[in-house]
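Let me begin by presenting the structure, written as structure tokens, before commenting on it.
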């Protein structure tokens, strides 16, 4: 099981505060920038990529993150006003009694006057500073000098998920596969995936953003008659270029840790 030590935690390894970021798809670009700035300041973030609203409720993992977050941050615009999914999240956050911050992206009226609201001219840095004031915390200072490198080759990726997950992958560089993610490099992957008692072939794509230390894995696994598709978004933490630690990029209630080992490295070294 991965034993990564989060370099963004305090000296005692305390749990980082979490921010749930709610937005509608037309505002995704602004949300992505805020998400990166919040994480760079030392906070964990969660968001709802699925926008699954069965029975009027978000997916279970999203509900757990909403319940575990320390601040609910809502991007409000003319698009949000007619978005049933965002309205459901807003009402749930209010029922949970979460500290609530609204960032107005335009002059569209907010239905309920929030305790904290930022005007449209607010910068990402203004939002980050306000979130930390609500939390009574200080932003983490300074940027990371460098992140470990993940590149083409054979890799074993093990997670500490409850029932275990082991990926044995061959990463192959392919410049044309990097389009559409904002990552610097990308390619294709093949290999096997083991999860609980299941094992199957896996294919897909990967993207690495070296400046941000992010590794995205788009997986299609064949455990039976129907392929399963999943996206793993990893934040690299520490280690060497052949053996390193990572964690899920997003998530507050449950944070999955990973160990990545390049083929040829001894498992216990």
Report summary line: The correct count of residues that are surrounded by fewer than 14 Cβ atoms within 10 Å (Cβ to Cβ) and under 23 Å from residue 17 (Cβ atoms) in region 45-67 is 2
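What are the residues in region 212-233 that are assigned to a strand (DSSP E or B) and either in contact with a helix residue (DSSP H, G or I) (Cβ under 9 Å, 6 or more places away or on another chain) or under 24 Å from residue 197 (Cα atoms) (or both), if any?
Initial filter on region 212-233 (assigned to a strand (DSSP E or B)): 214-222, 228-233.
Within region 212-233, 217, 218, 219, 220, 221, 222, 228, 229, 230, 231, 232, 233 qualify.
Evaluate the following for residue 18: is it surrounded by 16 or more Cβ atoms within 10 Å (Cβ to Cβ), at pLDDT 95 or above and within 15 Å of the chain's Cα centre (by Cα)? First the steps, then the outcome.
On the way: surrounded by 16 or more Cβ atoms within 10 Å (Cβ to Cβ): yes; at pLDDT 95 or above: yes; within 15 Å of the chain's Cα centre (by Cα): yes.
Yes, satisfied.
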Query raised in the report: Can you name the residue in region 238-257 that is outside any loop (DSSP other than H, G, I, E, B) and at pLDDT below 90 and, of all such residues, is surrounded by the most Cβ atoms within 10 Å (Cβ to Cβ)?
Result: 239
Report task. Would you confirm whether any residue within region 34-50 is in contact with a helix residue (DSSP H, G or I) (Cβ under 6 Å, 6 or more places away or on another chain) and at pLDDT below 90? Result -> yes
Query - Elements of type strands (runs of 3 or more DSSP E) contained in region 68-137, each with 2 or more residues being crowded, with 18+ Cβ neighbours inside 10 Å and assigned by TED's automatic domain parsing to the domain that holds residue 36 - result: 71-76, 100-104
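The values are calculated or read from the model by the stated rules, or taken from the named source; none is laboratory data. Computed from a prediction, not measured in an experiment: that's the story for all the values here. Methodologically, a virtual Cβ is constructed for each residue, glycine included, from the backbone with ideal geometry; neighbour enumeration extends over all protein chains shown.
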